[in-house]
Amino acid sequence: MTKILIGQQPAKKKKRKTKKPIKKSSGFFKTLMLVGFAMFLLVIIFGAVGAGYVYFKYSKDLPDVRVLKDFSPSLITRVFSNTDELIAEFYVEKRILVPMEDIPLRLKQATLAVEDSNFYYHFGIDPKAILRAMRTNFQAGRVVEGGSTITQQLTKTLLLTSDRTLVRKIKEAILALRIELIFSKDQILEMYLNQIYYGHGAYGVEAAARTYFGKTVKDLTIAECAMIASLPKAPNNYSPYRYPKKARKRRDHVIRRMAHLNFIKTSEEKEALQSDFQLGEVTGMLNRAPYFVEHIRQFLIEKYGAKKLYHSGLMVYSTLDITLQEEAQKAIQENLRITDKRFGYRGPLGRMNPSLSINQLQAQLRKYNGWEEDEGPKEGDIIQGMVMERDKNSAFILTGAQEGILELKDMDWARNPNPKIDGRWARINGVDKALNTGDRALFKVLGTRPSDLKMALALEQEPEVEGALISLAPETGHIKAMVGGFDFSKSQFNRSVQAVRQPGSVFKPIIYAAALQEGYNASSIIVDSPIIFKEKDHAFDKWKPVNFEETFYGPTPLRTALAHSRNIVTVKILQQIGISKAIQVARDLGITQHLANNLSIALGSSGVTLLELVSAYSAFSNKGSRIEPTAIRHIKNSNGEILYSAQPKIDQPISEATAYTITSLLQSVVQDGTAKKIKVLKRPAAGKTGTTNNYVDAWFMGYTPELLTGVWVGKDEDTSMGVNETGSRTAIPVWLQFMTAALKGKPVLNFPETDQIVFSKINPEDGEPLPYYDKKSKLEIFPIKRFQETYPPSDSSLEVKETF
């Protein structure tokens, strides 16, 4: 039996010598001894009979303690990033199993010192401790001390209820005896230290160490071990976060008990007693990428069920790049606030009574902001405040902490909402046009004003507009970042995978890919001219598509048509190749949503998800090969055995030549078309903007050689975001901010070339090849096979180059 934890026991006191009693008659003394012995035997017999009766009466229907041999408590399922960094947890009880050998000696000793110092010497129940507790409780007139051993506590936790009844205590004692017969002391202590509740959702010492001190259990100091060991008696009452004075007093008691039992030296005791709390930040269930993690959770629920997810301690190794994820979340939130402001100001959060005293108003605002007496905001925080005074140029704002000033330039966007007015230029000319005294609103802390040391504030509001972003590596299909909305705590709807929205012009490259597969090339000419269609399946008998600019451009090459997002040309292409062929290409590219069997799909009239579009575009950027997007690399059980390893589906929906041509066309969108803003990235990039009718949806799908990212912005109610809220104005800023951060410090790469493409000079007017030396000619790309079939090598007037 292991006894290294106990240390030296206090020296036993020597029995005092007593004087011999006065001799009495020998016969009387013998009689008295016999009577006493008889009574003692009777007590023993009746006690044994009583104990036997109690044992057999209450041992019926007790749980079998042998089930603890398969001790398997509820464990945390953990989700890791692509570099195996912990990013999320799922649990009912926050517990991480840790073997006995990894638990520090000092923590074991601290636990024994305060819970059961005779643990290694009793047989499951400690009569001396019970008698001591009875005496202490009797003297106090209430229950202040328990006599339960660690074995009894474990029994109550694992096998019984917490009812405070004599019957339950008897059953607890019986089970404790049985446990001691089957398990070693170390096994019992290991189960206890992994099972007991330590407060703030933490079960077991490993979870407790991470919760209270932000470190693993093996790194705890003596004082930290004492703090954790002090908690099981009353986790809430001794919480160092809620009641630091009571917690310190309890911790110090444990430290002194450790010293009294010779577990620690006097010098160690003194140092531990003088140490302050160095607490970590208590958080709820860890989740650093809420929409991505929810996407994974739904997969795990479907594959394994809720019980295994929340109880079995799975280890899920994801594809997420947490650095990119944080940049994606930042880009979405910052740009949605900017977009929402262009729509106008929807008014204050509420009203406060400005006639109350400053102290009363400040107290109310501290409550609104969730601050304690000595807390306050920092630069960049968005807080609630009340307008105390205002005039045309500025407003005086109470915040519950430092006073603030709001200047007109930091809130001149706050016009009355009107979707028919272009919000980029609409401004108000006075603070008093939007704010009134007593208004409670949101403000962003910009910093401290040097003139009066008050906070500089900007007016804010929670956006109604929503957004989504997915970024993945095309060559692996690994999802690197996923954001499904502005704030997961307010809306768990994942717009990146669940929202089915009209894609508008970002669907056009799929139509162009189908055309290239059917023999078109980048220089093919389509006449941009008025046309009217009669569609049985369309909402109207006659449909007349128009370009965004509401004009016509005559003969137009495919490259120019896609660069400038010409609607009529795209519809005519679809008409010529056939709707069914385009739909089949879309299906091959990963589009699973219903696509209407009419020409309007050329303009993105049928709803799709952002994930589907990202999957489709991945084939353009990966030489025509599409790898099914995946969020998980592999999954292990709590023993480290692999349960699942991702085997993504790989197919070749379009040719390498088609993929290269689409990428080239989408580079023209960036260089000369609707996505010129992307040129500030200063590296090769391809992409397509998209805007739906009445500015309801704004899209940008774009990629560089190493990373593909798609962005959607819109409102859940399918209402307009306002005039000219296009993909270029609304979605590109999100994409650009994210990609700038994601590619910072990375080498500039070119899109890979292919031997399936040739470059030839063409006549810009008809798209036909010209001699290389012709001054009117323009360089263009062609699939090599079709070029050779159409223009055989015998035609010596043409000079073909395989590379630029």
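Read phi for every residue in segment 684-700 and hand back ³J(HN,Hα) as whole Hz from Karplus 6.51 cos²θ - 1.76 cosθ + 1.60, θ = phi - 60°, with x for Gly and Pro.
x, 8, 10, x, 8, 8, x, 9, 9, 3, 6, 6, 7, 10, 10, 10, 8
With contacts defined as alpha carbon pairs under 8 Å and 6 or more residues apart, what's the relative contact order of the chain in percent?
Averaging sequence separation for qualifying contacts and normalising by length gives 10 percent for the chain.
Which value, in nm² and rounded to one decimal, describes the direction-averaged projected area of the C-alpha convex hull of segment 189-269?
Across all orientations, segment 189-269 yields a mean hull projection of 5.2 nm².
Could you tell me the accessible area of PHE493 in Å² (1.4 Å probe, neighbours in place), rounded to the nearest ten?
The value for PHE493 is about 90 Å².
Considering amide H positions built from the backbone, and no H for Pro or chain starts, which residues 5 or more places from ILE632, or on another chain, come under 5 Å of its amide H?
The list, which skips near neighbours in sequence, is THR319.
Provide the per-residue ³J(HN,Hα) series for segment 599-614, in order, calculated from phi with Karplus coefficients 6.51, -1.76, 1.60 and θ = phi - 60°, each as a whole number of Hz, with x at glycine and proline positions.
After applying 6.51 cos²θ - 1.76 cosθ + 1.60, I find 5, 5, 5, 4, 9, x, 7, 8, x, 9, 9, 4, 4, 5, 5, 4 Hz.
At 1.4 Å probe size, put LEU408, LEU446 in order of accessible surface, largest to smallest.
Sorted descending by solvent-accessible area, the residues read LEU446, LEU408.
Helix 579-588 versus the longest principal axis of the chain: what angle, 0 to 90°, nearest 10, using Cα atoms?
30 degrees
Quick one: Cα convex hull volume of segment 452-506, Å³ per residue?
188 Å³
Loop only per DSSP, at most 11 neighbouring Cβ atoms within 10 Å: give me the trypsin sites (Lys or Arg not before Pro) in segment 653-706, ordered by residue number.
LYS682
Ranked highest first by average number of other Cβ atoms within 10 Å, how do 413-421, 556-564, 513-521 line up?
Highest to lowest by the protection proxy: 556-564, 513-521, 413-421.
Restricting attention to segment 321-403, which GluC sites (Glu not before Pro) occupy a DSSP loop and are surrounded by at most 10 other Cβ atoms within 10 Å?
Taking segment 321-403 and a limit of 10 other Cβ atoms within 10 Å, the loop GluC sites (Glu not before Pro) found are GLU372, GLU373.
Output ³J(HN,Hα) for segment 106-111: one whole-Hz value per residue in order, computed from phi by the Karplus curve 6.51 cos²θ - 1.76 cosθ + 1.60 with θ = phi - 60°, and x for Gly and Pro.
Couplings: 5, 6, 4, 5, 4, 5 Hz.
Rounded to the nearest percent, how much of the accessible area of the chain (1.4 Å probe, protein heavy atoms only) is carbon and sulfur?
Roughly 52 percent, rounded to a whole number.
Convex hull over the alpha-carbon atoms of segment 622-703: what's its volume per residue in Å³?
170 Å³
Considering all alpha-carbon pairs of segment 324-477, what whole percent are spaced by more than 23 angstrom?
42 percent
Stokes-Einstein D for the chain at 4 °C, 1.567 mPa s, Kirkwood Rh over Cα pairs, in µm²/s?
Calculated translational D: 40 µm²/s.
With a ≥ b ≥ c the root eigenvalues of the C-alpha gyration tensor of segment 149-247, is it rounded (a/c under 1.5), prolate (a/b larger than b/c) or oblate?
Oblate is the answer for segment 149-247, as a/c is 1.5 or above yet b/c matches or exceeds a/b.
Which cross-chain or sequence-distant (5 or more) residues have an amide H under 5 Å from the amide H of THR448, H modelled 1.01 Å from N in plane?
Here the answer is ALA456, since their amide H atoms fall under 5 Å of that of THR448.
Between helix 508-517 and the chain, what is the angle of the helix's C-alpha long axis to the longest principal axis, kept within 0 to 90° and rounded to the nearest 10?
60 degrees
Return the subset of LYS572/LYS761; LYS682/LYS746; LYS682/LYS778; LYS490/LYS715; LYS581/LYS778 for which the Cα-Cα distance in this structure is over 21 Å, preserving the input order.
LYS572/LYS761; LYS682/LYS778; LYS581/LYS778
Would you kindly find the accessible area of ASP219, with a 1.4 Å probe and non-protein molecules such as ligands, DNA and RNA excluded, rounding to the nearest 10 Å²?
That residue has around 90 Å² of solvent-accessible surface.
With N set to the number of residues, divide the alpha-carbon radius of gyration of segment 571-649 by 2.2 N^0.38 Å and report two decimals.
1.49
Translational diffusion coefficient, Stokes-Einstein: compute it for segment 169-315 using the Kirkwood radius over C-alpha pairs as Rh, at 20 °C and 1.002 mPa s, and state it as an integer in µm² s⁻¹.
Answer from the Stokes-Einstein relation: 120 µm²/s.
Å³ per residue of the Cα convex hull, for segment 482-578?
Dividing the Cα hull volume of segment 482-578 by its residues yields 153 Å³.
Hey, can you grab everything whose amide H is under 5 Å from the amide H of ILE757? Only 5+ residues off in sequence or another chain; H modelled, so Pro and N-termini drop out.
ILE784
Report Rg(Cα)/(2.2 N^0.38 Å) for segment 672-757, keeping two decimals.
1.21
The values are calculated or read from the model by the stated rules, or taken from the named source; none is laboratory data. For clarity, every value in this text was computed on a predicted model and none was experimentally measured. Positions of Cβ are generated from backbone atoms using ideal geometry, with glycine treated the same way; all protein chains shown enter the neighbour counts. Note: areas computed on protein heavy atoms with side chains; ligands, DNA, RNA excluded. Shrake-Rupley method; radii C 1.70, N 1.55, O 1.52, S 1.80 Å.
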